[in-house]
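In what follows, a structure is listed as structure tokens, so that the remarks can point back to it.
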Amino acid sequence: MIAVLKQGTTDTQIENLSAWLKSQGLDVHLSKGKTHTVIGLVGDTAKIDAELLESLDIVDSVKRISEPFKSANRKFHPDDSVIKVGNTSVGGLDFAIMAGPCSVESEEQVMEIAKAVKAAGATMLRGGAFKPRTSPYDFQGLKADGIELLLKAKKETGLPIVTEIMNANHLPLFEEVDVIQVGARNMQNFELLKELGKTQKPILLKRGLANTLKELLMSAEYIMAGGNENVILCERGIRTFETYTRNTLDLSAIPMLKELTHLPIIADPSHATGMARLVKPMAVAAAAAGAHGLMIEVHNDPAHALCDGAQSLTPEAFADVTRAVSRVIDAVKETN
Ligand code: PEP
Ligand code: MN
């Protein structure tokens with residue numbers, strides 16, 4: 001349920017109303033937007049008399065929210081959420097570019113790539129330390145050592161780092177990680193999501209291989225229900241009957257999600273296509289569709305990458321993509 005407050009409502013009036021709603025056993029979410037203040041209520045709202053609430057002087061309107069996702073719902077928070085990450089941010093008008101290798105392989109590799117992606121306009125460095133591989137015989141990542149190397153690269157370049165978690169027991173290793181990624185395979189690992197909800201870390205939640213947008217939003221809701229509102233969504237392609245591409249980039253997910261939620265949404269054209277030469281057109285298309293950012297795999301020697309070489313861009317190709325994307329972002333801003 002949401003209550004939209006009238007313009008001119010004072011902070012004291014808002015506090016008094018919130019306190020009463022909390023005393024009814026409800027979680028109260030306050031969103032002070034540019035034009036309206038919205039009070040979002042989660043819990044057993046059946047016991048609230050909507051007509052009584054609407055009759056209050058300070059209340060403009062009351063609506064029941066039929067969607068099962070509440071905190072993530074645009075109706076709860078009409079303005080875009082902007083998630084602060086170090087000295088940069090994701091959401092609203094800021095365009096984030098997370099770039100780096102699929103997996104961290106060595107100090108030389110990650111340092112070289114970090115410097116190159118920064119020079120080409122990346123705002124964050126990505127790199128897998130714990131890798132979810134389809135085969136148990138494939139490289140599983142450098143694990144804790146991989147995180148150490150990412151932190152070295154962060155120190156050297158100033159870029160915030162994004163890396164994937166696969167097990168909540170590893171959380172202490174992620175203390176200095178700026179954005180914790182939940183990969184497609186763990187999107188519905190609800191116990192992991194609940195643990196991440198207890199932190200205040202920005203979480204990059206990737207859409208599962210065969211999950212609906214509603215399921216993605218419900219997973220975001222798991223994190224938010226625990227008190228962590230810093231969730232960034234990522235469309236990374238879904239399984240379809242098509243086999244030429246690794247996955248199918250669901251571009252319409254971007255404007256659809258922007259309608260449904262206030263959370264930022266970025267796109268990952270690397271995992272979506274599986275082919276380096278398709279990354280540029282899909283990156284440009286995602287930016288044109290209104291994405292708040294991109295995640296792109298970049299390797300200094302894609303042919304010898306230990307993971308996902310076929311979809312990895314060289315630093316030069318990545319720089320070409322960021323140039324094209326920045327022109328599209330400017331055009332999108334003009335048309336809005
Ligand atoms: C990744 O980002 O390296 C990754 C494994 O992605 P996804 O979970 O989308 O497959
Ligand atoms: Mn990868």
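For the stretch 110-161, lysine pairs with C-alpha atoms less than 14 angstrom apart, excluding pairs fewer than eight positions apart on the same chain, total 6.
Restricting the stretch 74-137 to chymotrypsin sites (Phe, Trp or Tyr not before Pro) that sit in a DSSP loop and have at most 13 other Cβ atoms within 10 Å of their own Cβ leaves Tyr137. Against the longest alpha carbon principal axis of the chain, how many degrees, from 0 to 90 and to the nearest 10, is the axis of helix 315-335 turned? Result, in degrees: 30. Pairwise alpha-carbon distances in the stretch 45-134 exceed 18 Å for 67% of all pairs.
The tail of the calculated P(r) for the stretch 222-307 beyond 21 Å holds 36 percent of all Cα-Cα pairs.
Compared with the dominant principal axis of the Cα atoms in the chain, helix 11-23 is inclined by about 90°. Between Ala50 and Asp301, the contour length at 0.36 nm per residue exceeds the alpha carbon distance by 84.2 nm.
Note that the chain presents 45 Å² accessible area per residue, ligands and nucleic acids not counted, probe 1.4 Å. Counting every Cα pair in the chain, what percent are over 30 Å apart? Taking all Cα-Cα pairs of the chain, the fraction more than 30 Å apart is 36 percent. Residue separation of Arg133 and Arg239 scaled by 0.36 nm, minus their Cα-Cα distance, works out to 36.5 nm of gained length. Of the solvent-accessible surface of the stretch 163-268, computed with a 1.4 Å probe and all protein chains present, 53% belongs to carbon and sulfur. Treating r as the C-beta distance of Ser66 and Glu15 and R0 as 25 Å, the FRET efficiency rounds to 0.30. What pairs from Lys70/Lys206; Lys22/Lys201; Lys84/Lys198; Lys22/Lys47; Lys6/Lys63 go past 22 Å between their alpha carbons? Flagged as over cut-off: Lys22/Lys201.
The base-10 log of I(q)/I(0) for the stretch 95-216, evaluated at q = 0.20 Å⁻¹, reads -1.13 [Debye formula, identical scatterers on Cα atoms, solvent excluded].
The values are calculated or read from the model by the stated rules, or taken from the named source; none is laboratory data. These numbers come from a predicted model, not from an experiment. Virtual Cβ from ideal backbone geometry, glycine too; neighbours counted across all protein chains shown. When the accessible area is computed, the model is the full protein with side chains, heavy atoms only, and any ligands, DNA or RNA have been set aside. Shrake-Rupley method; radii C 1.70, N 1.55, O 1.52, S 1.80 Å.
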